[in-house]
1. What number of residues in the range 83-96 are surrounded by 14 or more Cβ atoms within 10 Å (Cβ to Cβ) and either closer than 16 Å to residue 30 by Cα or away from the ligand (no atom under 16 Å from the Cβ) (or both)?
2. One residue is enough: does the range 52-75 have a residue meeting the conditions under 30 Å from residue 161 (Cα atoms), touching a residue at least 24 places away in the same chain (Cβ under 8 Å), open to solvent by 20 Å² or more (accessible area, probe 1.4 Å) and polar (S, T, N, Q)?
3. Mind listing whichever residues of the range 1-30 are within 14 Å of the ligand (Cβ to nearest atom) and either of a type in the set (Val, Ile, Thr) or without any contact (Cβ under 8 Å) to a residue 40 or more places away in the chain (or both)?
4. With the requirement that a residue be away from the ligand (no atom under 11 Å from the Cβ) and either open to solvent by less than 40 Å² (accessible area, probe 1.4 Å) or touching a Gly at 6+ places or on another chain (Cβ under 9 Å) (or both), what does the range 97-115 give you?
5. Would you be able to say whether some residue in the range 131-139 is modelled with pLDDT of 95 or more, in contact with a Phe, Trp or Tyr (Cβ under 9 Å, 6 or more places away or on another chain) and either on the phi > 0 side of the Ramachandran plot or among the basic types (Lys, Arg) (or both)?
Amino acid sequence: MKIYDWPTGPYPARVRIALAEKNLQSDVEFVPINLWKGEHKRSGFLAKNYSGTLPVLELDNGVVLAECTAITVYLDALAGDPMLTGRTPLEKGVIQMMTKRAEIEMLDAISVYFHHATPGLGPDVELYQNQEWGLRQRDKALRGMHYFDAVLRKQPFIAGEAFSMADIAVIGGFIFAAIVELPIPQECVALSTWFERMQERPSVRKQLAIVPPKH
Ligand code: GTS
């Protein structure tokens, strides 16, 4: 299978971490799509993913899967432990809920901040920017960090007692926060401690160590 991505992108990182957790990296050929040159908005790529976003998984039979959550669900079903999307009906439901919440309240909000209230991918790619909307989303992300801090004061992982896809989504949020230089609020001690613990996982350490390619 192929994965179209940009190696240091926060969303692609989610799939790269999932692949490493499932020990599936050697089954994948990575194809770089240069976001900074707007390659993800060209017709050839849009034919694979209508949304024009990375990452995209393409199977050897040509079937294409986009969206980090969908790709992770697929990869999780391919191989054994650790299970990233839950075993019981309740675990599966909670992990989906917390993953979506990580996107809405933190990761996607930081992404909107990046695209609207910073130079983003540059004037050739960012054809419409709304700074006020971007700044509101930055504030939303900061509120989201406080929410996840409160969650982690009560339980060891974002979706409960075990590492899951929801933790990976919040890690994506940390990666994007670092790119846009949005500091994690000092008072979010449980969140910061959790992130230190996440970096003990080889999958996360390996992802954080990737040097950004020139763009
Ligand atoms: N909902 C999508 C998912 O979960 O896969 C979001 C994917 C997404 O926004 N990917 C970013 C992208 O394509 C990649 S990165 O910013 O993490 O590197 N952004 C380009 C754009 O123009 O929005």
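1. The initial filter retains those residues of the range 83-96 that are surrounded by 14 or more Cβ atoms within 10 Å (Cβ to Cβ), namely 83-86, 91-92, 94-96.
Those left that are additionally either closer than 16 Å to residue 30 by Cα or away from the ligand (no atom under 16 Å from the Cβ) (or both): 83, 86, 91-92, 94.
Result for the range 83-96: 5.
2. yes
3. Initially, the range 1-30 is screened for residues within 14 Å of the ligand (Cβ to nearest atom), giving 3-18, 30.
3, 8, 15, 17, 30, listed by residue number.
4. Within the range 97-115, 98, 101, 105, 106, 109, 113 qualify.
5. yes
The values are calculated or read from the model by the stated rules, or taken from the named source; none is laboratory data. Every value quoted in this text rests on a predicted model; they were computed, and no experiment measured them. Please note: Cβ atoms are built from the backbone with ideal geometry, for glycine as well, and neighbour counts cover all protein chains shown. We work out accessible area using only protein heavy atoms, side chains counted, and drop any ligands, DNA or RNA first. Shrake-Rupley method; radii C 1.70, N 1.55, O 1.52, S 1.80 Å.
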